[in-house]
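No lab work stands behind these numbers, since they all come straight from the coordinates. This structure is a prediction, so every number in the text was calculated from the model and none was measured. Cβ placement follows ideal geometry from the backbone for every residue including glycine, while neighbour counts extend to all protein chains displayed.
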């Protein structure tokens, strides 16, 4: 029975840039957020080496160190963390939200979903081992590290073309490797890539293995022709895997609205989902940008949306609106 249980003001599900920023803002608003950050806290930045494009770090910073700083800043203002994975949720439209860690039930007036997304992987040898040492899944993040070097981009959709066009500004030579002779990319994006003087195309090939050189960094990629089965080694300094992302939304599919790709749908100009009291931020929403700074921005938005919801929404009849027996002051709307 919820009458005898503590109901949190805010539970944040996920611990990347979006989740930690949401926690920071709600903590500073005296909402005492609980962050269920997961065992892989820090999101994709935990697997990133140098971050040079986040404002405020002129010398750059390592991804895990940045996430530790995000986390520490949220903790400074009273955020509580549980380093465990959420198994399931029971979300309601304006009532008490239920979040489960195994059989352990947590109740909340609002939930901010910040589970993030993960790059689609090829699942071939060397892919994970050489991550950060020549193999990347983010052209915008890492393209500038390959100035005047040879690079390949694996993929045939718009994401691959966008990455190729961006990286080609830095690379001396870029080869797009696609498993088919035809490309899934839109005609306009494909034509733009073809117009770049240092981009060529290699089809129909798939990557079978990423192989390190003597220095421990990526040395070459073993490719297989999908028509003939023959293999060849392509020497390269960097390889970018651009075959899309998978939003980590499986625990909420069927409860909040998602699109055909699994991304949570939010109302235009906000982080509100189709359920009152449930908000979604970061890469679990974002098809397009997928940057730490944009994720953090939506984390701020989600926190403010949750804060205003708590301020303006009458208590649900089924909820015992309490926070340890003490009222919580809601900060005034700003901005």
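Quick look at the numbers
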read-out	value
Cα-based convex hull volume of the chain per residue, rounded to whole Å³	150 Å³
Projected label distance in nm at residue 124 and residue 226, using a 7 Å step from Cα toward the beta-carbon	1.2 nm
Beta bridge orientation in the stretch 121-241: antiparallel %, DSSP, nearest 5	45 percent
Relative packing of 78-85, 25-32, 173-180, which averages over residues the other C-beta atoms within 10 Å, highest first	25-32, 173-180, 78-85
Descending Cα extents along the principal axes, the stretch 122-172, whole Å	29, 23, 17
Scattering profile of the stretch 121-241 at q = 0.13, 0.21 Å⁻¹ [log10 I(q)/I(0), Debye over alpha-carbon scatterers]	-0.44, -1.19
Over the chain, relative contact order from alpha-carbon pairs under 8 Å, at least 6 apart, %	23 percent
Highest average packing first - 281-292, 61-72, 111-122, Cβ atoms within 10 Å	111-122, 281-292, 61-72
Highest average packing first - 187-199, 136-148, Cβ atoms within 10 Å	136-148, 187-199
Residue-span extension gain [residue 186 to residue 104] - 0.36 nm each, minus C-alpha spacing	24.8 nm
CD proxy at 222 nm, helix term only [per DSSP H run n ≥ 4: -39500 (n - 2.57); per residue of the chain; nearest 500]	-6500 deg cm²/dmol
Computed log₁₀ I(q)/I(0) - Debye formula, equal Cα scatterers, no solvent, the stretch 36-120, q 0.16, 0.23 Å⁻¹	-0.77, -1.18
Label point at residue 196 placed 7 Å out along Cα→Cβ; residues across the stretch 223-258 whose backbone nitrogen lies under 15 Å	237-243
